[in-house]
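Single-structure report; data block below.
Just so it is clear, none of the values below were taken in a lab; they were calculated from the coordinates. Here the structure is a predicted model, which is why all the values come from computation and not from measurement. Heads up, the Cβs are rebuilt from the backbone with ideal geometry, glycines too, and the neighbour counts pull from every protein chain shown.
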Amino acid sequence: MTSISSIGQIYITAHDLERAVRFYRDTLGLRFLFQVPNMAFFDCGGVRLMLGVPEKAEFDHPASILYYKVEDIRAAHDLLSSRGAEFRSKPHLVAPMKDHDLWLAELRDTEGNTLALMSEVPRR
C-alpha cells in the first residue's frame, strides 16, 4: 500500500481567469508556471496552485481557505495592500503559543475566495 506523502496541487475557482492570474502573479507575487485553456498554474513553496474555470456546477464554489506563510506579516500586509489587495482584517494576534505567537490577516482574491496571511512569530 502506498501512503500519501504530500499535497501535489490545490484547485482554486476562478470565473475570470485572466483577472485571477494577474492577482496571484502580480498582487500576491506567486511564481507563474504555465497556462492552458481555462487553467493557470503557480508555485507556492513547492505546492502547485491551479486556478481553474469550473467545468461543472459541482465545482463552482469558493475554495478552501489557504493560509500563506510570511515572515513579517505587517510588511507583507503593507506590500500586498500597495499592490491593490483588499484585506478583510489587519494583522492581528490569534494565539499566543509556548514558543511563538500566531498572527493572521484575511483578504479576498478577485474571485471572492477568502485567503489569509499567517506568521508564526518566535517568542524571545
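Across every pair of different alpha-carbon atoms, what Kirkwood hydrodynamic radius in Å does the stretch 10-124 reach?
Details: mean 1/r = 0.0672 Å⁻¹.
Evaluated over the stretch 10-124, this radius sits at 14.9 Å.
Can you put L79, L107, L33 in order of Cβ neighbours within 10 angstrom, beginning with the fewest? Intermediate results must be reported in sequence, preceding the final value.
Details: L79 15, L107 20, L33 12.
Fewest-to-most Cβ neighbours within 10 Å comes out as L33, L79, L107.
If you put +1 on each Lys and Arg Cβ and -1 on each Asp and Glu Cβ, how big is the dipole of the chain around its Cα centre, in Debye rounded to 20?
For this selection, approximately 320 debye.
Given the options T2, S119, F23, identify the residue whose Cα lies farthest towards the positive end of the charge dipole of the chain (+1 on Cβ of Lys, Arg; -1 on Cβ of Asp, Glu).
With unit charges placed on the Cβ atoms, the residue in question is S119.
Order by neighbour count: L102, L80, fewest other Cβ atoms within 10 Å first, most last. Walk me through the numbers on the way to the answer.
Numbers: L102 14, L80 21.
By the 10 Å Cβ count, ascending, the order reads L102, L80.
Give me the net charge of L80's neighbourhood, meaning all other residues with Cβ under 15 Å from the Cβ of L80; Lys, Arg count +1, Asp, Glu -1. Don't skip to the end; give the middle numbers.
On the way: positive: R22, R25, K69, R74, R83, R88, K90, R108; negative: D26, E71, D72, D78, E86, E106, D109.
That sum, taken over residues with Cβ under 15 Å, equals +1.
Among the lysines, which have Cα under 25 Å from the Cα of K56 when same-chain residues fewer than 8 positions away are ignored?
Within the straight-line cut-off, K56 pairs with nothing.
Of the beta bridges DSSP finds with both residues in the chain, what % are antiparallel, to the nearest 5?
Values: 26 of 35 bridges.
Rounded to the nearest five, the antiparallel share is 75 percent.
Tell me the GluC sites (Glu not before Pro) within the stretch 5-63 that lie in a loop according to DSSP and have at most 11 other beta-carbon atoms within 10 Å.
Numbers: sites: E18, E55, E58; in loops: E55.
The qualifying sites are E55.
Quickly estimate the mean residue ellipticity at 222 nm for the chain, helices only: each DSSP H run with n ≥ 4 gives -39500 (n - 2.57), and the total goes over all residues, rounded to 500. Please list the in-between numbers first.
Values: 2 runs with 16 residues, N = 124.
Helix-only estimate at 222 nm: -3500 deg cm²/dmol.
Give me the net charge of G46's neighbourhood, meaning all other residues with Cβ under 14 Å from the Cβ of G46; Lys, Arg count +1, Asp, Glu -1.
+2
Within straight cross-link reach of K98, meaning Cα distance under 26 Å, which lysines are found once same-chain residues fewer than 8 apart are removed?
Candidates past the 8-residue exclusion: K69, K90.
Angle between the Cα long axis of helix 73-82 and the longest principal axis of the chain, 0 to 90 degrees, nearest 10?
50 degrees
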